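Below is one structure, written out as structure tokens; the observations come after it.
The values are calculated or read from the model by the stated rules, or taken from the named source; none is laboratory data. Everything numeric in this text was worked out from a predicted model, so none of it was measured. So basically every Cβ, Gly included, is an ideal-geometry build from the backbone, and we count neighbours across all protein chains shown. Surface accessibility is based on the protein's heavy atoms, side chains included, excluding ligands, DNA and RNA. Shrake-Rupley method; radii C 1.70, N 1.55, O 1.52, S 1.80 Å.
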Amino acid sequence: MSASPKLRLAIVGGGIGGLTLAVALSHLRLDEFLHVDIYESAVKLTQVGAGIGVFPRAWEVLKDLGMAADLEARMAPSPLGIPKPKLAFSFRKSDERNGFPFFDLIIPGEYATYHRADLQEILLNHISSFVQSHLNHRLVNYNESKEEIELEFKNGETASCDMIVGADGINSVVRKVFLARIHGLDSSSEEAATNSAPVWSGTSVYRGLVDSEIIKRELPNHSALTTPLMYCGKNKHIVTYPVSQGRLINIVPFVSELEKEGSALRGPAIEEANLQDFVHLFAGWEDEVQCLIKNMNKVSRWAVQTVNPLDTHATERVILLGDAAHAMTPHLGSGAGQAIEDAHVFANLLDRLLRQGSRDIHRVSNAYTAIRRPIARSFVVGSRDQGIRYEFNAPGFEDIQEGDAIPPDRLRKLGKSIEEGWELPWKHSVRDDLQRALDIL
Ligand SMILES: Cc1cc2nc3c(=O)[nH]c(=O)nc-3n(C[C@H](O)[C@H](O)[C@H](O)COP(=O)(O)OP(=O)(O)OC[C@H]3O[C@@H](n4cnc5c(N)ncnc54)[C@H](O)[C@@H]3O)c2cc1C
């Protein structure tokens, strides 16, 4: 047994980032050293009814955390089969009646697509009982003294901890208080809220699933039944891929107004949507697209927001993780992947520190932000650039209008730059990053 009292770690937010951290701490068997509480605002842990791609870097982490078998059991079937390499997305020029493929992205590593609820269930099954969950606990503020951090919840309860991890998503309260403290602001002030607020990327996204049988009946050879696709057009694109072993197809139409990028969002960030809100925007697109979007079910509209770059992701006792630190556009399917990496690196740093018998948690914070901040930042930038490419807005495409013919060599070059942009989620290994972080510690 460790001699000193257990370090009390509070994880605020039970999304993919918070849950992965709980899995990592469980996997490392840190119960001897740690007391862990997860505080989640929702009364029930749920995920939006949509798909999620887990690309090689994040896949490697989940595998290292002992989840490979469970993840493989829930994979959607792939046209090229498993294992690697396999077709990640077939890109089509679709903003005309006769759409056509212009580029196939093959990822030379393991990756898979999931229903979010499936991924959440797998994570929950890998959390040890020493992690205590507290639902209906919305953090509203925290106060840091020399000895500890006091947490205040909307339900009137309070709690204390030695270290807090803000895994509370894009509208993170932990980030608001964290930034207010750094900038000497009152955390309840308007200025603190503005300072921490996410910004709109100019893109709206409609998220929904459709039963594969419906598509099969209408277009039996529909490519989306077996193949992950990117239907591309000017200022718009649609991502689709099968989930839940192919029973459902995840359909995600994106609509962008580039000139609004970086502006404050007007209106709700998430709302229910009707097909009439967006089906007409794809009126001239190819038949496969029409078939998919008119059959979308329970659609919600999300304003794609991002978090402006932060100077640090950690102070001594406070760690920002996942979207709370670096919410990004979803064009590399890597926001959750980056949250998973944050969790893995942080958990392993803490493990090393505690097993050395040290309580100098600032060493963990320093190493975490030194390694994770620049990597997450590269994904934020890389994701943004990919969105520009998918929607024919890359440099050299300024003259292109919706439905215009694009010469094959320009599409070929575009495919090449999309391919290069996709190297981020697979080219380097998180294991190397973790080693660098441990070296810093
Ligand atoms: C259209 C779209 C498609 C995407 N596709 C992919 C993809 O294919 N692959 C991928 O890796 N990423 C994808 N992402 C990004 C991914 O969804 C996010 O990056 C990821 O969910 C972030 O995880 P998180 O745990 O940091 O935050 P969240 O998932 O937002 O979780 C935060 C949790 O904190 C809770 N919470 C919030 N505030 C408080 C509070 N004050 N107190 C207590 N609890 C609180 C919330 O209820 C929630 O449970 C996509 C995003 C979008 C919009």
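The residue pairs whose first member lies in segment 353-369 and is farther than 16 Å from Ala343 by Cα, whose second member is charged (D, E, K, R), and whose beta carbons are closer than 8 Å, counting only pairs six or more residues apart or on different chains, are His362/Glu316. Which condition number in (1) open to solvent by less than 40 Å² (accessible area, probe 1.4 Å); (2) assigned to a strand (DSSP E or B) is the one that Trp285 fails? Trp285 satisfies every listed condition except (2). Pairs meeting the criteria (first residue in segment 236-261 and open to solvent by 10 Å² or more (accessible area, probe 1.4 Å) and at pLDDT 95 or above, second residue part of a loop (DSSP other than H, G, I, E, B) and within 15 Å of the ligand (Cβ to nearest atom), beta carbons under 7 Å, at least 6 apart or on different chains) are Lys236/Glu391; Val255/Phe278; Ser256/Glu391. Ala264 satisfies every condition listed in (1) assigned to a strand (DSSP E or B); (2) away from the ligand (no atom under 14 Å from the Cβ) except (1). The single condition from (1) over 22 Å from the mean Cα position of the chain (by Cα); (2) of a type outside the set (D, E, K, R); (3) crowded, with 16+ Cβ neighbours inside 10 Å that His183 fails is (3). Pairing each residue of segment 206-229 that is in contact (Cβ under 8 Å) with a residue 24 or more places away in the chain and small (Gly, Ala, Ser) with any residue that is open to solvent by less than 10 Å² (accessible area, probe 1.4 Å) and assigned to a helix (DSSP H, G or I), provided the two are 6+ apart or on different chains, yields C-beta distances under 8 Å for Ala224/Ile215; Ala224/Leu292. Would you call Leu135 in the same structural domain as Glu419 (by TED's automatic domain parsing) and modelled with pLDDT of 95 or more? So Leu135 passes the test.
Would you call Ile52 at pLDDT below 95, away from the ligand (no atom under 16 Å from the Cβ) and either in a strand (DSSP E or B) or more than 30 Å from Phe282 (Cβ to Cβ) (or both)? No, not satisfied. Of the residues in segment 169-178, not one is within 26 Å of Glu402 (Cβ to Cβ), buried (at least 19 other Cβ atoms within 10 Å of the Cβ) and of a type in the set (Val, Ile, Thr).
In summary, strands (runs of 3 or more DSSP E) completely within segment 110-190 and bearing 1 or more residues that are farther than 30 Å from Leu332 by Cβ, of a type in the set (Phe, Trp, Tyr) and touching a residue at least 24 places away in the same chain (Cβ under 8 Å) occur at 139-144, 149-153.
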